[in-house]
Amino acid sequence: MEGLAIRQQERAGERSERSERSETALSHLEGPGEAEVLERASRRRFTREYKLRILDEADRCQDSLQRGLLLRREGLYSWHLTTWRKWRNDMRSGRSGKSEDIKRLRNENARLERENVSLRLKLKRAEGLIALQKKIAQMMEEAPDDLSAGAQAGSKGAS
């Protein structure tokens, strides 16, 4: 048991030495309340001219090494080139852009929703008319019996 207690004390001493070393290593940093808060990073936006210029340069590159150097120099990734090439091909073929497709689909969706509401109202009215017609038909079927019974009772009372 004594050996275990001695080992635990040694470990505790090691921990304090480690923490002292880490404190001295981090002593050049500012205090906890004085840390600099950086602005939130914003996504980069590339102009049309910049994209086309980079695509032209990438197309002129002879091998993947040159393309890699271009990407590294500009701080871009290979997916930038892939996406931009698709964008450029869409522009050349005259297809509408992604945002135009989304806008067109949203407009069509709104039109269909309005039409759906209108058709639901018409259906509700038609169902109401059908229910009314059924009630009238039931009343008409019952009415001749009531009239004939009432006429017979009236003729008996008159005699």
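Can you sort T83, T47 by how many other beta carbons sit within 10 Å, fewest first?
Ascending Cβ contact count within 10 Å gives the list T47, T83.
Round to the nearest 0.05 the FRET efficiency obtained for R88 and S42 when R0 = 25 Å and r is the Cβ-Cβ distance.
Calculated transfer efficiency: 0.50.
Peptides 38-46, 100-108: what's the order by average Cβ count within 10 Å, highest mean first?
My ranking of the peptides, most packed first, is 100-108, 38-46.
In nm, to one decimal, how far is the W79 label point from the A143 one, both placed 7 Å along Cα→Cβ?
7.4
Among L65, Y77, N107, which residue has its Cα furthest toward the positive end of the charge dipole of region 65-142, with +1 on Lys/Arg Cβ and -1 on Asp/Glu Cβ?
L65
Any chance you could run the full-extension gain for D59 through R106? It's 0.36 nm times the residue separation minus the Cα-Cα distance, nm to one decimal.
Length difference between fully extended and current span is 13.3 nm.
What number of lysine-lysine pairs in region 48-146 show an alpha-carbon separation below 23 angstrom, given a sequence spacing of 8 or more or placement on distinct chains?
Close lysine pairs found across region 48-146: 8.
Taken together, the values in this text are just the output of simple stated rules run on the coordinates, not laboratory data. What you are looking at is a predicted structure, and each value in this text was computed from that prediction instead of being measured. No Cβ is skipped: glycine too gets one built from the backbone with ideal geometry, and neighbour counts run over all protein chains shown.
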